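Remarks on the structure that follows.
The values are calculated or read from the model by the stated rules, or taken from the named source; none is laboratory data. This is a predicted model, so every value here is computed, not measured. Here the Cβ positions follow ideal geometry from the backbone for every residue, glycine too, while neighbour counts run over all protein chains shown.
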Ligand code: UDP
């Protein structure tokens with residue numbers, strides 16, 4: 001789909017996370033991400049091997065990154081190099097998880113005792129410190145600055161990009177009969193210092209509800225043990241591919 005084709009050689013394994021293995025390449029500005037067939041929840045306390053999951057998350061993420069790139073969002077996505085392998089721009093990641101919520105769910109619903117799926121106006125934006133040992137505690141703006149996790153201008157930019165991503169993804173999912181409930185983004189700086197959307201965009205880090213059936217099409221199915229998450233992920237991928245093309 002018009003991605004620039006590069007010849008890149010996979011290098012050493014740099015790190016293995018909960019859902020991905022990260023490899024170096026022969027270009028220091030490019031990383032090779034390999035999605036694992038693994039699902040985790042509760043900060044890794046709940047874990048399972050699920051065949052084909054890596055392909056599904058990679059393909060969905062690829063569709064969403066390409067879509068956002070086409071809308072002018074600066075992202076790390078460069079090109080696919082296999083069913084569950086992609087090349088991305090190497091980023092110096094900010095240790096902040098940005099959560100956007102259009103409807104109450106998950107922690108927001110329980111923490112504030114709001115009925116599930118209550119519409120939220122304005123859209124809620126939250127920050128968490130990406131730190132497994134501390135269980136990703138919440139952050140506000142002054143905490144982010146005092147801890148030197150981002151500068152005020154970076155945070156202003158993050159907020160603007162997150163709102164645009166929410167609008168664009170919300171419209172895209174609406175067009176395929178899916179409601180975007182909430183999602184998480186992560187940002188980093190590229191070699192020139194440009195703020196860039198990184199990480200992954202898949203039902204592993206967003207809540208999606210099928211408008212026709214009210215069914216959850218995301219990782220909540222795994223978190224709550226209510227079925228096979230691959231069913232929902234397959235539906236999401238199929239609808240996106242039908243709408244956006246291969
Ligand atoms: N999320 C994520 N990684 C995290 C925490 C949350 O991708 O470490 C996503 C999650 O999938 C959901 C949104 O962020 O789409 C909001 O999650 P919430 O804070 O409600 O936490 P949860 O109840 O999912 O643990």
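Give region 174-222 a look and list any residue that's over 24 Å from residue 158 (Cα atoms) and touching a strand residue (DSSP E or B) at 6+ places or on another chain (Cβ under 8 Å), or say none. First the steps, then the outcome.
Initially, region 174-222 is screened for residues over 24 Å from residue 158 (Cα atoms), giving 175-178, 209-222.
177, 178, 209, 210, 211, 215, 216, 217, 218, 219, 220, 222 - these are the residues of region 174-222 that are over 24 Å from residue 158 (Cα atoms) and touching a strand residue (DSSP E or B) at 6+ places or on another chain (Cβ under 8 Å).
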#### Entry: Filter result for the condition that a residue is out of contact with any helix residue (DSSP H, G or I) (no Cβ under 6 Å at 6 or more places or on another chain), more than 26 Å from residue 237 (Cα to Cα) and within 15 Å of the ligand (Cβ to nearest atom), over 152, 137, 122
137
### Task
Examine region 201-212 for a residue that is without any contact (Cβ under 8 Å) to a residue 24 or more places away in the chain and within 16 Å of the ligand (Cβ to nearest atom), and state whether such a residue exists.
yes
### Query
List pairs: first in region 180-195 and under 30 Å from residue 220 (Cβ atoms), second at pLDDT below 95, Cβ under 9 Å, 6+ apart or cross-chain?
none
## Note on the structure
Conditions (1) within 17 Å of residue 241 (Cα to Cα); (2) free of Cβ contacts under 8 Å to residues at least 12 places away in the same chain -> residue 56 fails only (2)
### Query
Restricting the search to region 92-120, which residues are surrounded by 15 or more Cβ atoms within 10 Å (Cβ to Cβ) and either farther than 20 Å from residue 185 by Cα or more than 15 Å from the chain's Cα centre (by Cα) (or both)?
102, 103, 104, 105, 106, 108, 109, 117, 120
### Task
Could you check how many residues of region 6-28 are part of a loop (DSSP other than H, G, I, E, B) and loosely packed, with under 13 Cβ neighbours inside 10 Å?
5
### Query
Hey, among 239, 167, which residue is touching a residue at least 12 places away in the same chain (Cβ under 8 Å) and more than 19 Å from residue 42 (Cβ to Cβ)?
239
### Task
Being more than 16 Å from residue 165 (Cβ to Cβ) and in a strand (DSSP E or B) is the filter here, so list the residues in region 100-129 that pass it.
103, 119, 120, 121, 128, 129
